[in-house]
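Report on the structure given below.
The values are calculated or read from the model by the stated rules, or taken from the named source; none is laboratory data. Computed from a prediction, not measured in an experiment: that's the story for all the values here. Note that we place each Cβ from the backbone using ideal geometry, even for glycine, and neighbour counts take in every protein chain shown.
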């Protein structure tokens, strides 16, 4: 029996909307990959984490991330690994950016997306309605940067409380953003409390995508990118995530695609905890077997 696993697989992890390296480091995911012999790099796009800097950067867009940030991150990782092809793992917006970037052939050995919808909210009407309201507020240009850090910091304790009162419990289930039943409450609170402000342009593009219910982001046809991708793609989704439910990528199982595809649903998990929950070790084992199948001689 021989394995197709490379001598040392290379993974680049990119977090999502208003998030940074903590979206991975607060959970077991990087360590689970390293334990299997992988080299793991965590990239932070402009305006996020250590790429935020002391001063707010100029306004940035989805295209800023796709045309400049991702090529810079991937290029740097490839230089550090002697040109090895990477496995890209993106959470939420981090996965959307990868699909947009993959509109052109790119040097990826595999793609893993977590809570990344081809159609934001899919059939969830509440998401479209909320996107209309938020879009109207965002269009007023009341802010230079969307204060997601303040908003999420204010909600961090409520959303991560392990034994909430009935009102907080209802809010946790209604928001479907974090689930303290399925991830360490302290880790969830840290991730939410250390969020970053966001670009109004990026926020606006995501809201337009949600309102339309389309698989297009900033002019990038994400479904077309998915069809063209020849590398394996594993799409991981929480069963209670209203922003990126499993149905938001169901189309990849019904349409023709050039490469192997797999959708993994984690029951009862929500948007943030999909990347740092108690299920991660078992999830990584499952993903590893899909990315590096065993050949039986």
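Worth a mention:
- Going through (1) part of a loop (DSSP other than H, G, I, E, B); (2) within 20 Å of the chain's Cα centre (by Cα); (3) surrounded by 13 or more Cβ atoms within 10 Å (Cβ to Cβ) one by one, residue 143 falls short only on (2).
- Any hit, segment 220-235, residues being under 18 Å from the mean Cα position of the chain (by Cα), more than 19 Å from residue 33 (Cα to Cα), without any contact (Cβ under 8 Å) to a residue 40 or more places away in the chain and surrounded by fewer than 18 Cβ atoms within 10 Å (Cβ to Cβ): no
- Reported count of residues in segment 7-27, each being in contact with a helix residue (DSSP H, G or I) (Cβ under 8 Å, 6 or more places away or on another chain) and assigned to a helix (DSSP H, G or I), is 3.
- Residues being farther than 18 Å from residue 16 by Cβ and not in a loop (DSSP other than H, G, I, E, B) - total across segment 260-276: 4
- Some residue of segment 275-286 being free of Cβ contacts under 8 Å to residues at least 60 places away in the same chain and buried (at least 16 other Cβ atoms within 10 Å of the Cβ): yes
- Test: residue in segment 154-171 that is in contact (Cβ under 8 Å) with a residue 60 or more places away in the chain, over 18 Å from residue 242 (Cβ atoms) and part of a loop (DSSP other than H, G, I, E, B): no
- Only a single item in (1) over 22 Å from the mean Cα position of the chain (by Cα); (2) at pLDDT below 90 is not met by residue 103, and it is number (1).
- Residues of segment 172-184 that turn out to be over 17 Å from the mean Cα position of the chain (by Cα), crowded, with 17+ Cβ neighbours inside 10 Å and in a loop (DSSP other than H, G, I, E, B), as a count: 3
- Hits in segment 28-84 (condition: assigned to a loop (DSSP other than H, G, I, E, B), touching a helix residue (DSSP H, G or I) at 6+ places or on another chain (Cβ under 8 Å) and closer than 27 Å to residue 288 by Cβ): 28, 36, 44, 45, 84
- In segment 185-201, the qualifying residues are those that are more than 30 Å from residue 162 (Cα to Cα) and touching a strand residue (DSSP E or B) at 6+ places or on another chain (Cβ under 8 Å), and the one that is surrounded by the most Cβ atoms within 10 Å (Cβ to Cβ) is 199.
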